[in-house]
Every structure is written in structure tokens, then in C-alpha cells.
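The next block holds one structure in the form of C-alpha cells; read it before the comments.
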Amino acid sequence: MSDPREPAPAKLIAGLLFCSFHEQEQVLQRMTRRWGPLDLLTEPEPFTYTRYYEREMGKEIYRRTASFLELVPVEELVSIKLFTNELEKEFSREGSRRVNIDPGLLSEERIILATGKNFTHRVHLRKGIYADLTLIYQKGNYQELPWTYPDYKSPLLLHFFNATRQKLIFQRSGHIPQHLTHAGDST
């Protein structure tokens, strides 16, 4: 028999696809008012991984990923996704999103995104929100799965996630992760 234990809090992350830099900044400001300051934010880059969003958002789509400084309880994922859905609606124009927000939780073991769409590898949490196991941490790196979105496989984003993981380890323990210290150091 296993003894149930509460999971440790995780890093809140959010992938943003957007066609308006101004609206993307407003969305980030609203998110920081709700969850506190950002601690890492990628530079905007053209989103070229798929044309799936072009019909709704146009051809010039950019991508950024943010992580938040404060750790969040993992059971908050549903309320986080419901809030970001409301932000998407608020910033929509004529029924089309101007900003697409994919919130998720980064832990030492995995990255889970929240979605409203069911699929074989997704687990329903509550209120129509599913947990999508997107990446798993093995062999010193986050590893893709057969269903991982193409942009979440990019070397730059994987580097971002690994750096965010190191920050998480430091936040939880107060110690620099062992593999980051110099050989021979006992600290």
C-alpha cells in the first residue's frame, strides 16, 4: 500500500501565441497581477511550427514562454486554465483570439499543460479541464513524447524548461543543484 502525500508545489509556466505585441503585454500584466512576478521570459519568436492558428489569428504569429516566480499548488491548474480562458475571450476580436495562452505546471519530473480538449493521453481533472502530459524528465533533460507539440520539442524551449527546472530545485531546497557546483566542491 502506498501512503498518499501531497505533491510539492510547481512552477507555473505559460506559452503564449499572439499576433499583437501590445495585447500580449497586457495579458502578461494581468497574469502577473494574479500570480505574481515573472522570473523567466523568452524573447518573442515567429511561430512557424504549424499553420493551425493562422485562420484564427492571421499569418504573423509570435510565441513566448513565461515562468512565474511563485510556486503554485498543483491542484490550482484547473482554476489557472479557467482564468486564462477568460483572458483569451476578453482579448478576442470578432470571435477570434488575439492571444492563445497554454498554462502548465513544470515539476522536476514532468511538464503538464492544461487543455479543454480530451484525448487518449489526457486525464480529466474537473470542470472540463484536462491534464496533458507534455514532457517527462529523464536522462538529464526533458524528453518529448509521441504527442508533444512541435514547438515544445524545440532546443531553445527545452533549454528554457531545463533552466526553469534548476530554479525550481533551488527554490524548493535553497541549495544550488549538485551538478551545477564545481567538481570537488563540497557545498
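Values in this text are rule-based calculations from the coordinates and carry no lab data. What you see is a predicted model; the values in this text were computed from it and never measured. Heads up, the Cβs are rebuilt from the backbone with ideal geometry, glycines too, and the neighbour counts pull from every protein chain shown.
Please list, in order along the range 8-19, the HN-Hα scalar couplings obtained from phi with the Karplus expression 6.51 cos²θ - 1.76 cosθ + 1.60 (θ = phi - 60°), rounded to whole Hz, x for Gly and Pro.
Listing the rounded values in order: 5, x, 10, 7, 7, 10, 8, x, 10, 10, 7, 10 Hz.
For the chain, with the dipole built from +1 on Lys and Arg beta-carbon atoms and -1 on Asp and Glu ones, taken about the Cα centre, which of Leu41, Phe83, Thr164 lies farthest toward the positive end?
Projecting each Cα onto the dipole axis, the largest value belongs to Phe83.
Of the candidates Phe83, Phe18, Phe68, which one comes out as most mobile in a Gaussian network treatment of the chain with C-alpha springs shorter than 10 Å?
With Cα springs under 10 Å in the chain, the top fluctuation among Phe83, Phe18, Phe68 is at Phe83.
If I build a Gaussian network model for the chain, linking alpha-carbon pairs within less than 10 angstrom, which residue out of Pro146, Pro46, Pro155 has the largest mean-square fluctuation?
Pro146
Which whole-number percent gives the relative contact order of the range 56-162, counting Cα pairs below 8 Å spaced six or more residues apart?
17 percent
Compute the distance from the alpha-carbon center of the range 160-174 to that of the range 82-134, in whole Å.
So the two Cα centres are separated by 23 Å.
Per residue of the chain, what 222 nm ellipticity follows from adding -39500 (n - 2.57) for every DSSP H run with n ≥ 4, rounded to the nearest 500? Before the final figure, lay out the partial values.
Working: 4 runs with 52 residues, N = 187.
Roughly -9000 deg cm²/dmol at 222 nm, from the helical runs in the chain.
GNM on the chain, C-alpha springs below 10 Å: top fluctuator among Thr115, Thr48, Thr134?
Checking each option, the largest mean-square fluctuation is seen for Thr48.
Ordered by residue, what ³J(HN,Hα) values in Hz, to whole numbers, does the range 30-42 give under the Karplus form 6.51 cos²θ - 1.76 cosθ + 1.60, where θ = phi - 60° and Gly and Pro are x?
Calculated HN-Hα couplings, in order: 5, 5, 6, 5, 7, 10, x, x, 6, 10, 9, 8, 6 Hz.
Pairs of Cα atoms under 8 Å, at least six residues apart: use those to get the relative contact order of the chain, whole percent.
Values: 287 pairs, mean separation 38.6, N = 187.
The normalised contact order for the chain reaches 21 percent.
With an 8 Å Cα cut-off and a minimum separation of 6 or more residues, compute the relative contact order for the range 115-166 in percent.
Values: 48 pairs, mean separation 11.1, N = 52.
Averaging sequence separation for qualifying contacts and normalising by length gives 21 percent for the range 115-166.
Taking the simple approach of a point 7 Å from Cα along Cα-to-Cβ for both Thr120 and Glu6, what is their distance in nm?
3.7 nm
Residue by residue, what Karplus-based ³J(HN,Hα) values in Hz, rounded to whole numbers, does the range 111-119 have, using 6.51, -1.76 and 1.60 with θ = phi - 60° and x for Gly and Pro?
Calculated HN-Hα couplings, in order: 10, 10, 9, 9, 8, x, 10, 7, 6 Hz.
Mean shadow of the range 10-173, computed from the convex hull of its alpha carbons, in nm²? Each step should come with its number before you reach the end.
Values: hull surface 37.1 nm².
About 9.3 nm², averaged over all directions.
Separation between the Gln26 and Leu40 pseudo-spin-labels, each 7 Å from Cα along Cα→Cβ, expressed in nm?
The two pseudo-label positions are separated by 2.9 nm.
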